[in-house]
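The values are calculated or read from the model by the stated rules, or taken from the named source; none is laboratory data. These numbers were taken from a predicted model, which means no experiment stands behind them. Cβ atoms come from the backbone with ideal geometry, glycine included; neighbour counts cover every protein chain shown.
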Amino acid sequence: MTRSEERRAPGQDRAGPPRLLMPEPAEGWAAWLDGLFRRLLSAFGPRHWWPSALAPAPARAEPFEMIAGAILVQNVAWSNAAKAVRALAEAGLLDVAAMAAAPAEAVERLIRPAGYFRQKTGRLKGFAAYVSERYGGDLAAMLARPTPDLRAELLALSGIGPETADCILCYAADRPVMAMDAYTRRIFARLGLFSPDIRYHDMQAFFHAHTPADAALRGEYHALIDTLGSRLCRKRAPRCGECPLADLCARVDVA
DNA sequence: TTCCTGGGCG
DNA sequence: CGCCCAGGAA
C-alpha cells in the first residue's frame, strides 16, 4: 500500500463508486438489485423495449425507428412520441436518406405531438445527415462500432445527451449499457440509496458494477424502472400503496 | 383553466 | 439557469 493510499480515509476514494446513503445489505448489492428486478418484472411483466410505435408489443423497433423514438420521447410521455413516430412512418420518413432530404417544415408538422418540434426536427435531420455523410447512409455500420467510440460519436451530435445515447447503445446497438433517467434518480433516492442530486455517471457506475453485463437484462431493468417511475413512483403523489417495493422503501422526501 | 412533468443545449 | 413544447393532472 502506498503512502497516499494510507493517508486516504476509508470511503473517501474519489474515483470509487458513488457514496451510497444505505449500507450494503448482507446479501450484497448484486443480489439486492436482482431481487428488485424480479419484483418489478413480476409486477409489470416484460416491457418489450424498445417498443415499436408501428406494431403492437412484443414487436421491437428497427434501429432508425428506435433512434427517432429516442429523440422524440425526450421530455415527453411515450404516447406523444409514438404519435410522432407513426406520422413519420406514414410519410416514409423513418429512413436515413428520406429524413436527411425532407423539408424541415414537413418534419415539424408531423412530429408536433411530441413537443419541442423545432429542436427535435433539427436533431432528427442532423442525425440522418451525419449517418448519410459519415457512413453513406449505412446506419448498421455506425451501430457496429466499438461501444466507447459509438458512445462518444453519439454524444458529439447535437440533441443526443447521455440518456439518449445510452438508450441507443442498449436498444439499437445491443450493448450492455443501462440508461439512467429522472425516474431512476427519484426511485433510488426515495428508496434511500442515492443522494437526490447524484450524477448520471455515478448512478450508471453503480448499476454497471452490480448487474450482469447483458444488454437484454439491463435494457429490461431500465424499462421496468421507467414503468415504476411513471405509473407509481411519480414525482407528486406517488402511489406507494400499489408499489411492489413499498416494504423496502425509506420514502425519502426528494421534493 | 392553469399547473406540472421531462432531456439537452447555449 | 432559462428556454424549448404538448398533453395529462389538478
Can you give me the number of residues within the range A:191-217 that are within 22 Å of A:Glu27 (Cα to Cα) and touching a Cys at 6+ places or on another chain (Cβ under 6 Å)? 1
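Each row is one residue, and each column tells you yes or no for (1) touching a residue at least 24 places away in the same chain (Cβ under 8 Å); (2) within 12 Å of DNA strand B (Cβ to nearest atom).
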position	(1), (2)
A:Arg175	yes, no
A:Ala209	yes, no
A:Ala216	no, no
A:Glu220	yes, no
A:Ile225	yes, yes
A:Cys240	no, no
Candidates A:Pro51, A:Pro46, A:Pro63, A:Pro56, filtered to the one that is surrounded by 14 or more Cβ atoms within 10 Å (Cβ to Cβ) and either more than 14 Å from the chain's Cα centre (by Cα) or within 16 Å of A:Gly229 (Cβ to Cβ) (or both): A:Pro63
Assuming A:Glu24 fulfils every condition listed in (1) modelled with pLDDT under 95; (2) within 19 Å of the chain's Cα centre (by Cα) apart from one, which condition is it? (2)
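Residue-by-condition table, conditions (1) more than 16 Å from DNA strand C (Cβ to nearest atom); (2) surrounded by 18 or more Cβ atoms within 10 Å (Cβ to Cβ):
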residue	(1), (2)
A:Ala114	no, yes
A:Arg118	no, no
A:Leu191	yes, yes
A:Tyr200	no, no
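For (1) among the charged types (D, E, K, R); (2) closer than 18 Å to A:Leu157 by Cα; (3) free of Cβ contacts under 8 Å to residues at least 24 places away in the same chain, each residue gets a yes or a no:
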position	(1), (2), (3)
A:Ala53	no, no, no
A:Ala97	no, yes, no
A:Ala106	no, no, yes
A:Gln119	no, yes, no
Which residue, of A:Ile160, A:Ile168, is crowded, with 19+ Cβ neighbours inside 10 Å and either of a type in the set (Ser, Thr, Tyr) or within 16 Å of DNA strand C (Cβ to nearest atom) (or both)? A:Ile160
Those residues that are assigned by TED's automatic domain parsing to the domain that holds A:Leu33 and polar (S, T, N, Q), I need them from the range A:151-191; list them, please. A:Thr184
